[in-house]
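The values are calculated or read from the model by the stated rules, or taken from the named source; none is laboratory data. In this text the structure is predicted, and so the values were computed from the model without any measurement. Cβ coordinates were reconstructed from backbone atoms using ideal geometry, including for glycine residues, and neighbour counts include every protein chain displayed. For accessibility, only protein heavy atoms count, side chains too; no ligands or nucleic acids. Shrake-Rupley method; radii C 1.70, N 1.55, O 1.52, S 1.80 Å.
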Amino acid sequence: QVQLVESGGGSVQAGGSLRLSCAASGTRFKINSMGWYRQAPGKQRELVAKITSGGSTNYADSVKGRFTISRDNAKNTVYLQMNSLKPEDTAVYYCYAYVLSGYWGQGTQVTVSS
């Protein structure tokens, strides 16, 4: 059973930065894809960014140029550096990892005030 532990959420003013981390444990298999999704109140969960074990990345259009995803394969950890945050980035951010099947973290709140 894969466990994902997220950290780094919080409250920040518009224009500020936050860095999310997600550490995966409980597997001896290679983690293929890791990523971040978010869900705002009343909205569906959406992809923010994802990264393969080889380092290929994919971003939502709304965060391109502001967010950067990276990973440390040796530590099974994925990061999301969020800069120039906007109020519309406010959501619960969920870490995701695919290891034979998909696993989700518990979520971490990000609140951006104007």
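Across the range 88-114, which residue is nearest to LEU18 (Cα to Cα) among those that are of a type in the set (Phe, Trp, Tyr) and under 12 Å from the mean Cα position of the chain (by Cα)? Among those that are of a type in the set (Phe, Trp, Tyr) and under 12 Å from the mean Cα position of the chain (by Cα), it is TYR93.
Out of curiosity, is SER56 open to solvent by 60 Å² or more (accessible area, probe 1.4 Å), without any contact (Cβ under 8 Å) to a residue 12 or more places away in the chain and of a type outside the set (A, V, I, L, M)?
Answer is yes for this residue.
Within the range 3-19, is there a residue that is in a strand (DSSP E or B), open to solvent by 30 Å² or more (accessible area, probe 1.4 Å), farther than 19 Å from VAL112 by Cβ and among the aliphatic types (A, V, I, L, M)? Checking the range 3-19: at least one residue is in a strand (DSSP E or B), open to solvent by 30 Å² or more (accessible area, probe 1.4 Å), farther than 19 Å from VAL112 by Cβ and among the aliphatic types (A, V, I, L, M).
Tally the residues that are among the basic types (Lys, Arg), open to solvent by 30 Å² or more (accessible area, probe 1.4 Å) and touching a strand residue (DSSP E or B) at 6+ places or on another chain (Cβ under 8 Å), restricting the search to the range 20-42.
Adding up the residues that qualify gives 1.
Among the residues of the range 59-80, those identified as surrounded by 15 or more Cβ atoms within 10 Å (Cβ to Cβ) and not small (Gly, Ala, Ser) are TYR59, VAL63, ARG66, PHE67, THR68, ILE69, ARG71, ASN76, THR77, VAL78, TYR79, LEU80.
With respect to the conditions (1) surrounded by fewer than 18 Cβ atoms within 10 Å (Cβ to Cβ); (2) free of Cβ contacts under 8 Å to residues at least 60 places away in the same chain; (3) in contact with a Ser or Thr (Cβ under 6 Å, 6 or more places away or on another chain), GLU46 falls short on a single one, namely (3).
Quick one: in the range 83-114, of everything that is under 14 Å from ALA24 (Cα atoms) and of a type in the set (S, T, N, Q), which residue is least open to solvent (accessible area, probe 1.4 Å)? Step by step, filter the range 83-114, then rank; the result is SER101.
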